[in-house]
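Engineer: Below is one structure. I have some questions about it.
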């Protein structure tokens, strides 16, 4: 079997106002694989990297997955970052999809087999006011979710202005109301979204400690592991992090330093299944659980589910919306029942695409998203 073509298929998801970038790897045996990248707002850059990889990979055996991964990652002088990592991820996921289809088994079977029948998932809950946030939580719980997860409430209501001295107490107030509303049996995740500096992150964590949250997500920016160490020293709130990281080497200080409790690998940035399964094993040796990042499309989600099914330590899986959106483009998607994503049974990743339908959702250039302080300076988004 040989690779005959690699193409990207950008799709505008109107209902979420973002683009999905799908990659299709074709072979001379008529078997194709699908992958996805996850750098929203930088899709054209990822497409460019994939175009550079195309002549490198055409004619190669798609089943030599780790060898091809090494050629893409280590075969050039400049080190990988999130753009290169996203391109490698999309191709790598497609190669695993091909191998699963060729052997007639789901990808989780190739990763070692089932550790569980399904993985519990958390939704995205939003609201500009306490009442709106609680109402959206009720919507999610009615869909059988057993978690609620939200970011800093009220930022949108302030016109994109984020002042930590006000946002921190507001987030504590919203979370106190959420805990009273959902009771002790529903898990709460609070996404800091890297928007706080270490001292403000600690202030928020200390305020959340009595509320028994499941984890604080991305409490600080990811450039300096020392920032995570500072937060770790000053709070016992469980910490989740890593969604921006593009390789196992970038995860090294967080895992080896025991600075996180939940490993937020994004399979569509970190290097696909090939890299993510190595990180998962490494995290297991530090008693750290997976909580994969998946804010994009159905292929991103499917990749995460296969890793979750085959991994021994999994805390929760991100699921922004119940599967089924864009069903004209993706007629086969994951199954969600009783708060869990169910282990797929189809060969490969279990998601297919209708390219004619995809053409009806053409790529749209979206504005860069920013947050500002009151004085007009840029702050972390």
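Only the coordinates and a few stated rules stand behind these numbers; no lab work does. Computed from a predicted structure; not experimentally measured. We place every Cβ from the backbone using ideal geometry, glycine too, and count neighbours over all the protein chains shown.
Here's the yes/no breakdown for (1) surrounded by 15 or more Cβ atoms within 10 Å (Cβ to Cβ); (2) at negative phi; (3) assigned to a loop (DSSP other than H, G, I, E, B); (4) in contact with a strand residue (DSSP E or B) (Cβ under 8 Å, 6 or more places away or on another chain):
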{"site": "320", "(1), (2), (3), (4)": "yes, yes, yes, no"}
{"site": "327", "(1), (2), (3), (4)": "no, yes, yes, no"}
{"site": "334", "(1), (2), (3), (4)": "yes, yes, yes, yes"}
{"site": "346", "(1), (2), (3), (4)": "yes, yes, yes, yes"}
{"site": "350", "(1), (2), (3), (4)": "yes, no, yes, yes"}
{"site": "357", "(1), (2), (3), (4)": "yes, yes, no, no"}
{"site": "360", "(1), (2), (3), (4)": "no, yes, yes, no"}
{"site": "365", "(1), (2), (3), (4)": "no, yes, yes, no"}
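Engineer: Also: Please count how many residues of the stretch 71-89 are closer than 22 Å to residue 5 by Cβ, in a helix (DSSP H, G or I) and over 20 Å from the mean Cα position of the chain (by Cα).
Structural biologist: Of the residues in that region, 3 qualify.
Engineer: Also, quick follow-up: Taking only the stretch 12-54 into account, find how many residues are touching a helix residue (DSSP H, G or I) at 6+ places or on another chain (Cβ under 7 Å) and not in a strand (DSSP E or B).
Structural biologist: 9
Engineer: Follow-up. Residues of the stretch 16-31 being surrounded by 15 or more Cβ atoms within 10 Å (Cβ to Cβ) and either free of Cβ contacts under 8 Å to residues at least 60 places away in the same chain or under 21 Å from residue 304 (Cβ atoms) (or both), which ones?
Structural biologist: We begin by selecting, within the stretch 16-31, every residue surrounded by 15 or more Cβ atoms within 10 Å (Cβ to Cβ); these are 16, 18-27, 31.
16, 18, 19, 20, 21, 22, 23, 24, 25, 26, listed by residue number.
Engineer: A further question follows. Which of the numbered conditions does residue 286 fail, given that it passes all the others? Conditions: (1) surrounded by 24 or more Cβ atoms within 10 Å (Cβ to Cβ); (2) within 28 Å of residue 115 (Cβ to Cβ).
Structural biologist: (1)
Engineer: Tell me yes or no: at least one residue of the stretch 108-117 is touching a helix residue (DSSP H, G or I) at 6+ places or on another chain (Cβ under 6 Å), outside any loop (DSSP other than H, G, I, E, B), touching a residue at least 40 places away in the same chain (Cβ under 8 Å) and closer than 21 Å to residue 311 by Cα.
Structural biologist: yes
Engineer: While we're looking at this one, here's another question. Residue check: is residue 168 on the phi < 0 side of the Ramachandran plot, under 23 Å from the mean Cα position of the chain (by Cα) and outside any loop (DSSP other than H, G, I, E, B)?
Structural biologist: Details: on the phi < 0 side of the Ramachandran plot: yes; under 23 Å from the mean Cα position of the chain (by Cα): no; outside any loop (DSSP other than H, G, I, E, B): yes.
Taking the combined requirement at face value, the residue does not satisfy it.
Engineer: Any chance you could count how many residues in the stretch 59-70 are part of a loop (DSSP other than H, G, I, E, B) and farther than 22 Å from residue 353 by Cα? Spell out how you get there, then give the answer.
Structural biologist: As a first pass, look at the stretch 59-70 and keep what is part of a loop (DSSP other than H, G, I, E, B): 59-64.
Keeping just the survivors that are farther than 22 Å from residue 353 by Cα gives 59-61, 64.
Selection size over the stretch 59-70: 4.
Engineer: Something else about it: For the structure I just gave you, tell me whether residue 243 is out of contact with any helix residue (DSSP H, G or I) (no Cβ under 7 Å at 6 or more places or on another chain), farther than 19 Å from residue 288 by Cβ and not in a helix (DSSP H, G or I).
Structural biologist: Details: out of contact with any helix residue (DSSP H, G or I) (no Cβ under 7 Å at 6 or more places or on another chain): yes; farther than 19 Å from residue 288 by Cβ: no; not in a helix (DSSP H, G or I): yes.
Here the answer is no, as residue 243 does not meet what is asked.
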